[in-house]
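Engineer: After the structure tokens below, expect a handful of questions from me.
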Amino acid sequence: MRTENEANTYDDGAVIQWLLGIQTLEDFLQNLNDAALDVTGAEGVGVTIERESRPLTVVSAGPAAPKVDEKQYGQDDGPCLNSARTGEEVVVDDMLEETRWGDYPAYVAASGINSSVSFPIADCDGTAGAFNVYAGPPHAFVGTDFTILRSLGAQATGAIALAQRLVDTEQFALRDAMQSRAVIDQALGVVMVQRRCTQDVAFGSLRSASQHRNIKLRDLCTEMITGVTGQPPVTPELRPRPE
């Protein structure tokens, strides 16, 4: 269904409903793709994400997008990669007249796509991308008002930035938890040796001291270990998750 408001941007109410009804970033981006396909009547829409020079089509709508995207990835060049890397919109009016990107235009034209437009997804902590629309006829986007598509592209940018932030927050929380656990475990070992007690008894003693002094358990344990060894406790570093 085509949903537009008076400002000629995609209906914010529809976007909110998507957010309420989805569970993953991929679901949200797929809704954006489906909306763009509906609004434009194009043959294909896709979202390209690139991180550490590795591009990937995360979602697509219509049969055209995946194979033309993959052609670009294979030669590491093309309109969607150009848009992602420069932060600029890239319009191709006629693939058969296009002289950029090697044999990519001829391949795409042979696949039934003769024009395209790519909107950049702004870089967020090393993750950038493009929102790509592919049409069969040449010059399909001449005179087109891109306001709605830019609005959908902006929604994709915001969603990916939020997802990246959540991943970073999760990693920070995990790192903090691991480091806290390591400090507490070292302090437990000290108490168990000094008092010749079990781990449960040692933990109860540390927790009582923490509550009595009204300080965090980790801070108490850090003080204890530093006082005993003359050095702050050693904590593990969380390596970045593999891409």
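Engineer: Mind checking whether some residue in the stretch 89-97 is under 22 Å from Leu32 (Cα atoms), buried (at least 23 other Cβ atoms within 10 Å of the Cβ) and in contact (Cβ under 8 Å) with a residue 24 or more places away in the chain?
Structural biologist: yes
Engineer: So Thr9 ticks every box in (1) under 23 Å from Ser111 (Cβ atoms); (2) modelled with pLDDT under 85; (3) among the β-branched types (Val, Ile, Thr) but one. Which box is left unticked?
Structural biologist: (1)
Engineer: A follow-up question, please. Please indicate, with yes or no, whether at least one residue in the stretch 100-118 is closer than 21 Å to Leu25 by Cβ and either open to solvent by less than 40 Å² (accessible area, probe 1.4 Å) or not charged (D, E, K, R) (or both).
Structural biologist: Scanning the stretch 100-118 turns up at least one residue that is closer than 21 Å to Leu25 by Cβ and either open to solvent by less than 40 Å² (accessible area, probe 1.4 Å) or not charged (D, E, K, R) (or both).
Engineer: Counting just the residues of the stretch 132-153 that are more than 14 Å from Val39 (Cα to Cα) and either of a type in the set (S, T, N, Q) or touching a Ser or Thr at 6+ places or on another chain (Cβ under 9 Å) (or both), which one comes out least open to solvent (accessible area, probe 1.4 Å)?
Structural biologist: Going through the qualifying residues, I end up with Gly136.
Engineer: Restricting attention to the stretch 42-68, report how many residues are hydroxyl-bearing (Ser, Thr, Tyr) and open to solvent by 50 Å² or more (accessible area, probe 1.4 Å). Steps first, answer last, please.
Structural biologist: Within the stretch 42-68, the first condition is being hydroxyl-bearing (Ser, Thr, Tyr), and the residues that meet it are 48, 53, 57, 60.
Then drop every residue that is not open to solvent by 50 Å² or more (accessible area, probe 1.4 Å), which leaves 53.
So the answer is 1.
Engineer: Before we move on, is Ala122 open to solvent by 40 Å² or more (accessible area, probe 1.4 Å), of a type in the set (A, V, I, L, M) and closer than 13 Å to Asn82 by Cα? Let's see the steps before the verdict.
Structural biologist: Values: open to solvent by 40 Å² or more (accessible area, probe 1.4 Å): yes; of a type in the set (A, V, I, L, M): yes; closer than 13 Å to Asn82 by Cα: yes.
Taking the combined requirement at face value, the residue satisfies it.
The values are calculated or read from the model by the stated rules, or taken from the named source; none is laboratory data. Owing to the predicted nature of the structure, the values given are computational and were not obtained by experimental measurement. Because the Cβ atoms are built from the backbone with ideal geometry, glycine has one as well, and the counts that use them run over all protein chains shown. To get the accessible areas, we keep the full protein, side chains included, count just its heavy atoms, and leave off ligands, DNA and RNA. Shrake-Rupley method; radii C 1.70, N 1.55, O 1.52, S 1.80 Å.
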